[in-house]
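Below: the structure, in structure tokens.
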Amino acid sequence: MKEIADIAVVGGGVIGVSIAYHLAKHQLGEIILLERDSLGAGSTGRSVGSIDSFTLHPQGAELYARSFEFFQHCDEILDDDCAFTQTGSVVMAGDQHADALREAVLQMQAVNLDVRMLDLIEFSALEPSIDIEGLTALSFAPQAGYADPALTTQAFSKASRRMGVNIQIGRGVIGLRHAREHVIGVDTNIGPIDVPIVIIAAGPWSGRLLGSSGVGMSFRTMRHPVACLRRPSNFGTEHYSILDLVQGIYARPDNNNLSIFGSIDTKVGYDLADPDDDHGGVSSDYILWAGDRLAHRYPKLRDSILCKGWSGMLSVSPDWQPVIGAIPGFYGLYCATGFSGHGFQISPAVGELLAGHIAGEEIMTQLLTPFQPLRFVEMESLNKYTRIISV
């Protein structure tokens with residue numbers, strides 16, 4: 001018997017399950033989610049999980065605002081917990097990025113996020129362990145924090161199943177089938193499925209699947225290492241989550257006096273990799289590079305104990321911004337990929353907007369317009385400011 005569905009979502013990371021959940025909310029027919037490994041086994045499972053309410057890309061502010069609302073109320077929305085932990089988040093800028101930071105704060109405030117500028121004296125009082133050398137401008141989001149990527153993925157998947165989504169684990173998509181410009185199905189490791197709408201949300205494997213059908217977008221897979229340390233007993237109250245644009249690092253606190261940190265400098269810690277090569281660790285050179293910069297900002301951390309870190313894979317688009325929407329020239333084919341490290345914290349809004357777009361909701365289509373794949377055909381780049389990675 002021929003297997004059929006109305007919509008197939010390819011990829012069982014947090015993006016894929018969010019899309020499936022929101023499609024089911026719209027009652028768009030028989031929805032199947034296909035994951036070759038286990039849910040959250042790819043980029044999601046290696047995410048730092050930051051929810052920092054910040055982007056230098058103003059057209060993405062709405063995605064951050066909608067997603068932040070979700071993370072704060074996940075237990076009410078999905079009847080499950082994503083373990084959101086409030087830390088507060090500070091973005092630190094020097095002269096080079098000060099104006100962009102101020103503009104970004106205005107954009108965040110326009111979508112009702114609780115973000116404001118701080119002066120240096122005010123910040124020093126809030127964060128007495130900090131060294132403010134080289135800082136010109138600061139923003140503060142008191143309600144920001146982090147969530148658990150695995151629990152978030154599970155919450156979406158369980159809610160999706162309750163609404164009838166057919167989630168198949170261990171079923172990998174090996175190719176797309178199309179007749180002329182129309183998608184007609186997918187081929188999997190255990191047989192074909194006839195389906196007129198396919199959404200590629202396979203993280204680092206998305207480019208390979210799209211390329212197999214002649215879709216000419218260039219995605220790069222990059223390995224990003226994450227370092228970890230245990231703060232010394234004399235450090236005091238845990239620090240805020242930070243994005244330090246001067247030192248080129250991010251950091252957030254975690255349980256048991258841990259701090260998780262890494263690079264937001266795209267020249268350090270973003271190395272080209274094969275998505276199937278999952279053996280990358282964290283080099284001593286990288287730990288020393290990032291650790292020295294974090295200790296420069298928090299001198300007490302020079303007495304920290306280094307802990308085991310990890311590496312994850314990122315799907316990076318040509319302009320380092322998400323690619324979400326319909327693929328030009330292939331009716332019925334959509335993608336949600338190329339998040340370049342931003343994916344986890346905007347995953348709720350990605351699912352909401354893409355499902356709404358497919359359902360024909362004009363407002364969702366408008367909100368997605370800046371991220372449509374069509375921009376690469378039109379040779380437009382969304383990268384107005386600087387490349388800031390949020391992991």
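See the values below:
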{"item": "Pairs where the first residue, in the stretch 313-327, is under 7 Å from SER340 (Cα atoms) and free of Cβ contacts under 8 Å to residues at least 24 places away in the same chain and the second is hydroxyl-bearing (Ser, Thr, Tyr) and part of a loop (DSSP other than H, G, I, E, B), C-beta under 6 Å, 6+ apart", "result": "none"}
{"item": "Of residues in the stretch 53-112 being hydroxyl-bearing (Ser, Thr, Tyr) and in a helix (DSSP H, G or I), the one surrounded by the fewest Cβ atoms within 10 Å (Cβ to Cβ)", "result": "SER67"}
{"item": "Counted residues, the stretch 141-184 - those being touching a Cys at 6+ places or on another chain (Cβ under 7 Å), over 16 Å from GLY42 (Cα atoms) and not in a loop (DSSP other than H, G, I, E, B)", "result": "1"}
{"item": "Pairs where the first residue, in the stretch 231-242, is more than 11 Å from LEU301 (Cα to Cα) and in the same structural domain as ILE260 (by TED's automatic domain parsing) and the second is assigned to a loop (DSSP other than H, G, I, E, B) and of a type in the set (A, V, I, L, M), C-beta under 7 Å, 6+ apart", "result": "SER241/ALA144"}
{"item": "Flag for GLY332 being surrounded by fewer than 24 Cβ atoms within 10 Å (Cβ to Cβ), under 30 Å from HIS182 (Cβ atoms) and not hydrophobic (A, V, I, L, M, F, W, C)", "result": "yes"}
{"item": "Subset of the stretch 213-241 (residues that are over 30 Å from HIS182 (Cβ atoms) and among the charged types (D, E, K, R))", "result": "ARG223, ARG230, ARG231, GLU238"}
{"item": "All positions within the stretch 151-166 that are hydroxyl-bearing (Ser, Thr, Tyr) and either more than 21 Å from PRO348 (Cα to Cα) or touching a Leu at 6+ places or on another chain (Cβ under 6 Å) (or both)", "result": "THR153, SER157"}
{"item": "Count of residues meeting criterion [in contact with an Asp or Glu (Cβ under 9 Å, 6 or more places away or on another chain) and assigned to a strand (DSSP E or B)] in the stretch 312-345", "result": "2"}
{"item": "Residues of the stretch 334-380 satisfying the condition of being free of Cβ contacts under 8 Å to residues at least 60 places away in the same chain and under 21 Å from LYS25 (Cα atoms)", "result": "HIS357, GLY360, GLU361, GLU362, ILE363, MET364, THR365, GLN366, LEU368"}
{"item": "Cβ pairs under 7 Å, 6+ apart, first in the stretch 21-37 and touching a residue at least 24 places away in the same chain (Cβ under 8 Å), second aromatic (Phe, Trp, Tyr) and not in a loop (DSSP other than H, G, I, E, B)", "result": "TYR21/PHE156"}
{"item": "Test: SER304 is at pLDDT 95 or above, polar (S, T, N, Q) and on the phi < 0 side of the Ramachandran plot", "result": "yes"}
{"item": "Enumeration of residues in the stretch 243-259 that are among the aliphatic types (A, V, I, L, M) and in contact (Cβ under 8 Å) with a residue 60 or more places away in the chain", "result": "LEU243, LEU245, VAL246"}
{"item": "PRO348 vs. criteria of a type outside the set (Ser, Thr, Tyr), buried (at least 24 other Cβ atoms within 10 Å of the Cβ) and touching an Asp or Glu at 6+ places or on another chain (Cβ under 9 Å)", "result": "yes"}
{"item": "Flag if GLY338 is in contact with a Ser or Thr (Cβ under 6 Å, 6 or more places away or on another chain) and modelled with pLDDT of 95 or more", "result": "yes"}
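Residue-by-condition table, conditions (1) under 22 Å from ALA349 (Cβ atoms); (2) in contact (Cβ under 8 Å) with a residue 60 or more places away in the chain:
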site: ARG102; (1), (2): no, no
site: VAL105; (1), (2): yes, no
site: GLN109; (1), (2): yes, no
site: PHE123; (1), (2): no, no
site: LEU135; (1), (2): no, yes
site: PRO142; (1), (2): yes, no
site: PRO149; (1), (2): yes, yes
site: GLN168; (1), (2): no, yes
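The values are calculated or read from the model by the stated rules, or taken from the named source; none is laboratory data. Only a predicted model underlies this, so the values are computations on that prediction, with no experimental measurement involved. Because the Cβ atoms are built from the backbone with ideal geometry, glycine has one as well, and the counts that use them run over all protein chains shown.
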